[in-house]
Amino acid sequence: MNRRSWLSALGVSAAGRLSGLAAVTDSQANKRSWTLSLESFRVSTADQMARLHSYLSGTYLPYLGHVHQGPKMFLEAIVAPHTPQALVITAFPSFDEMIEIRNKVAAHPGIQRARMDMESSDSQILVTASDSLQFHFGPDGRQGGILELRSYHVPGWRDRPAAGARAAFERARIDPILTASAAGEHLPRFIYLVPFGNLAARQEAWDRLEADSEWSGLEAKVTGASIYKLAPYSPLS
Amino acid sequence: MAWTFKIFPSIGVARIGNHRSSSPPDFYVGPEIPGTVIVPPNGYKDSSGQVRRQAARFRIYGWENGVFMGEITSAVADITWTVELANTKAAFNEFHGIGHTNDPLRNASVTDRSSLMITPGPRTITGPNGSAFFDTGQFQGTPVPLGEIQTDASGHLLVLGGFGSSGSPTNAPLTTFANNDGWHDDVSDGPVTATVTLKGIQTPVQASGAWVICPPPRFAPPIFHIITLYDALLQTAVDRLGYTVPATPSFTNDVYPILQRAIRYQWVTSKIGNKHAPLSAVIPPPATVDQRNSVFQALRDPAITPTVDTPHLMPAIWTDFFADVFGIRGHGSPNTGHWANHALTPTQYSVMKNWAAGKFINDWVGPPSPDTNVTPDGLTRAALENCSGGPFFPGIETSFFTRDVYPYVEPFRLDGAQLKAGDLSKQQAVPWQTDFFDCVFQSPLSWWPAAHPDDVFTATSNNYVTWDRGLNSFSDMVNFWSGLGFLVQSGDAVIETERTL
């Protein structure tokens, strides 16, 4: 992964991380949307995770990097409805480009062979604004911590969370590195990817949010949550 | 943010075996996904013919503020498991039939009742890769080990039962199918509890508890009972907890399993033989109204008094109220022309009735494939669907108490606070081998052909052979049970393998 080329693909400055949730403005850059592919790979037993990681780091990631310069994050579930599981998050400038890249990847003989050994995989498609991505380069920044993928059903929100939600998150010191809306069932559904130092910090943060009266007034209902750790080979964190 | 934790399966099954090794290649983990059949890659027996034990693996799942989060392992939590196994058969009442409440005590002349109870007490393991043994229990001064617990690298709990070792310190004779004074076996059961402390969060939380039963081996893993323990305890949940099942059954998930189990009984009893072949005509659905009705009309209505004969109706298995039909006490019952058979559960019967009336979801795309994922409810279902759910009389994995008497906190989860270790096995035969010997075809009906096959095929014969051939007495079954063959799927057939008698 070349830092400069990756940033060029996103069309944002090379000033460290991508602009964050707290920095939402009406600038042209912030209006750009991204299509996110969240692809989960499952195996039946924990001792098969080494094989899965070998596939993802040795076959999948190199070829994906060859055909797609955009951001990629590799995670391993530590608490999720389906485990053992690895999750790959990939961002694309458009839905059409995502389809094109995924077709290329699926057609690769090495990947076809490897996937025959996988128990199962599935994916969901999210849409986000570029200002809602805060991925870091390299895995070092979040090694040792956890990341939570958390989804909410909030009938009152439209294509993005209400401003009050962002403010409540800030007061609770919750800083998502991804905020997106989802396609599919139980819409409108909103997805956050939130880093925490550990489980205790996570619990304290959500407790602060739950105690926030403005947040409570939004009547956001949690529809799912999974906790991950970063895979050592993840290009982004 | 409040977490709650539950242990699954809510009732787990660890089967005994006379292979004494505690190393993972020498035992195997029982089914964890419904519809799957476990065939150990190294066989059900080792090269010397010793039967490997089947471990029950328990997992913890977490909910946060009611939202299902997933499995909790040692990667995110410190888990302390506690298990208690006990065998209290010899101190309990004799068995003379369901509903007989004033039966005398077994070993009534023994005043020190505790000497009849094999109660090594609870064992606790904290963290992964631990082990503890239930090796301090005694029966009238004779040590009787009941098995052990282990934790694996992820912090799952593994329970392994006893060794199929039954005996009598006083060399008492074996005289009845259910009540043999002076005898013990080493099946057992007991509560499984756990405390969970999420890493970095110092408050331990007690998980909702489970139960483990450690019954005899399952010799016919590819054959499911027409009424499984899952079916029986689902009915318990419907009757006692107000649990509701879908009003319109699915052909694939509800009807087909009943038909398929009936068809596959051909592999474990010659009395069925090819008589159930016509059931294949209603697969795939919808079949004709007449075809469906002819199947349904052949079923006994569970509303009929259990002791009433319903000649030629199905299933062709004995009633749980066998004692009331014949008034038996002890071993030996008349083989008469009675056809007092055991009906499907009311829920199963309703499924078939709706199907016959055309009120079903035609979701057929072929025989269902097992799920690829382990799920909490799937763990419980996989454990229970491999056990007999009736007739019990008195039971092979557990007794009718589990269906009819014991309290539940939710479907399939017993109220451990109101039960003691040993309660789920105490009413079964002592030793188990005597009832297992007796529960063969008893004209005109079978008992548990999926637990104790009546007749089987071998790899070299196209004719039925008696499965327990060569065992001619209670003592033979006590001494040589491990020589019996296991049934495996072989192409379209189910055949006996690994017989070492």
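The values are calculated or read from the model by the stated rules, or taken from the named source; none is laboratory data. Treat the numbers as computed from the prediction; the structure is a model and nothing was measured. Note: ideal-geometry Cβ built from the backbone for every residue, glycine included; neighbour counts use all protein chains shown. Note: areas computed on protein heavy atoms with side chains; ligands, DNA, RNA excluded. Shrake-Rupley method; radii C 1.70, N 1.55, O 1.52, S 1.80 Å.
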Only one of (1) part of a loop (DSSP other than H, G, I, E, B); (2) over 30 Å from B:ILE38 (Cα atoms); (3) modelled with pLDDT under 95 is not met by B:PRO302, so which one is it? (3)
The one condition in (1) at pLDDT below 95; (2) in contact with an Asp or Glu (Cβ under 8 Å, 6 or more places away or on another chain); (3) within 27 Å of B:GLY164 (Cβ to Cβ); (4) open to solvent by less than 20 Å² (accessible area, probe 1.4 Å) that B:HIS331 fails to fulfil: (4)
Would you check if B:LEU424 is under 20 Å from B:ARG53 (Cβ atoms) and assigned to a loop (DSSP other than H, G, I, E, B)? yes
Selection from segment B:459-481 of residues that are buried (at least 19 other Cβ atoms within 10 Å of the Cβ) and polar (S, T, N, Q): none
For B:VAL238, are the conditions met, namely being open to solvent by 20 Å² or more (accessible area, probe 1.4 Å) and among the hydrophobic types (A, V, I, L, M, F, W, C)? yes
Can you name every residue in segment A:87-117 that is within 14 Å of another protein chain (Cβ to nearest Cβ) and under 30 Å from B:ILE72 (Cβ atoms)? A:LEU87, A:ARG115, A:ASP117
Would you call B:THR197 in contact (Cβ under 8 Å) with a residue 60 or more places away in the chain and in a strand (DSSP E or B)? yes
Within segment B:262-279, restricting attention to residues that are crowded, with 21+ Cβ neighbours inside 10 Å and modelled with pLDDT of 95 or more, which residue is farthest from B:PRO222 (Cα to Cα)? B:THR269
In segment A:187-237, what residues are more than 9 Å from chain B (Cβ to nearest Cβ), assigned to a helix (DSSP H, G or I) and of a type in the set (Lys, Arg)? A:ARG208
I'd like the full set of residues that are under 14 Å from B:GLY182 (Cβ atoms) and open to solvent by 20 Å² or more (accessible area, probe 1.4 Å), limited to segment B:101-111. B:LEU105, B:ALA108, B:SER109, B:VAL110
Mind listing whichever residues of segment A:67-76 are open to solvent by 10 Å² or more (accessible area, probe 1.4 Å) and within 14 Å of chain B (Cβ to nearest Cβ)? A:GLU76
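Every residue, every condition in (1) aromatic (Phe, Trp, Tyr); (2) out of contact with any Leu (no Cβ under 8 Å at 6 or more places or on another chain); (3) buried (at least 19 other Cβ atoms within 10 Å of the Cβ), yes or no:
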position: B:LEU384; (1), (2), (3): no, no, yes
position: B:PHE401; (1), (2), (3): yes, no, yes
position: B:GLU410; (1), (2), (3): no, no, no
position: B:LYS420; (1), (2), (3): no, yes, no
position: B:VAL430; (1), (2), (3): no, yes, yes
Total residues in segment B:58-72, condition more than 11 Å from every other protein chain (Cβ to nearest Cβ) and either closer than 15 Å to B:ASN386 by Cβ or surrounded by fewer than 17 Cβ atoms within 10 Å (Cβ to Cβ) (or both): 0
Apart from one, (1) open to solvent by 20 Å² or more (accessible area, probe 1.4 Å); (2) more than 20 Å from the chain's Cα centre (by Cα) all hold for A:TRP157; the odd one out is (1)
Can you give me the number of residues within segment B:357-374 that are in a loop (DSSP other than H, G, I, E, B), under 17 Å from B:PRO257 (Cα atoms) and touching a strand residue (DSSP E or B) at 6+ places or on another chain (Cβ under 6 Å)? 1
For segment B:211-235, enumerate the residues that are open to solvent by less than 10 Å² (accessible area, probe 1.4 Å) and outside any loop (DSSP other than H, G, I, E, B). B:TRP211, B:VAL212, B:ILE213, B:CYS214, B:THR228, B:LEU229, B:ALA232, B:LEU233
Which pairs have Cβ atoms under 8 Å, sit 6 or more apart or on different chains, and link a residue in segment B:469-493 that is among the hydroxyl-bearing types (Ser, Thr, Tyr) to one that is open to solvent by 20 Å² or more (accessible area, probe 1.4 Å) and in a helix (DSSP H, G or I)? B:SER473/B:PHE437
Picked from segment B:75-100 (must be open to solvent by 20 Å² or more (accessible area, probe 1.4 Å) and at pLDDT below 95), the residue farthest from the other protein chains (Cβ to nearest Cβ) is B:HIS100
Could you check B:SER22 against (1) within 14 Å of chain A (Cβ to nearest Cβ); (2) among the polar types (S, T, N, Q); (3) over 18 Å from the mean Cα position of the chain (by Cα); (4) surrounded by fewer than 19 Cβ atoms within 10 Å (Cβ to Cβ) and say which number it fails? (1)
The listed residue being more than 25 Å from B:GLN266 (Cβ to Cβ), at pLDDT 95 or above and in contact with a helix residue (DSSP H, G or I) (Cβ under 6 Å, 6 or more places away or on another chain), out of B:LEU424, B:LEU419, B:LEU379: B:LEU424
Note on A:LEU64: of the conditions (1) modelled with pLDDT of 80 or more; (2) part of a helix (DSSP H, G or I); (3) surrounded by fewer than 20 Cβ atoms within 10 Å (Cβ to Cβ), unmet is (3)
Could you count how many residues in segment B:74-119 are closer than 30 Å to A:GLN203 by Cα and in contact with a helix residue (DSSP H, G or I) (Cβ under 7 Å, 6 or more places away or on another chain)? 1
Applying the selection to segment B:2-19, what residues are part of a loop (DSSP other than H, G, I, E, B) and either of a type in the set (Phe, Trp, Tyr) or surrounded by fewer than 17 Cβ atoms within 10 Å (Cβ to Cβ) (or both)? B:ALA2
Of all residues in segment A:78-114, which are free of Cβ contacts under 8 Å to residues at least 60 places away in the same chain, of a type outside the set (A, V, I, L, M, F, W, C) and part of a helix (DSSP H, G or I)? A:ASP96, A:GLU100, A:ASN103, A:LYS104, A:PRO109, A:GLY110, A:GLN112, A:ARG113
Those residues that are among the basic types (Lys, Arg) and under 30 Å from A:TRP206 (Cα atoms), I need them from segment B:198-240; list them, please. B:LYS199
Single unsatisfied condition, B:GLY35 versus (1) more than 14 Å from every other protein chain (Cβ to nearest Cβ); (2) surrounded by fewer than 23 Cβ atoms within 10 Å (Cβ to Cβ); (3) more than 16 Å from the chain's Cα centre (by Cα): (3)
If I filter segment A:47-58 for residues that are without any contact (Cβ under 8 Å) to a residue 60 or more places away in the chain, open to solvent by less than 30 Å² (accessible area, probe 1.4 Å) and outside any strand (DSSP E or B), do I get at least one hit? yes
If I filter segment B:305-318 down to residues being β-branched (Val, Ile, Thr) and assigned to a loop (DSSP other than H, G, I, E, B), which single residue comes out as least open to solvent (accessible area, probe 1.4 Å)? B:THR310
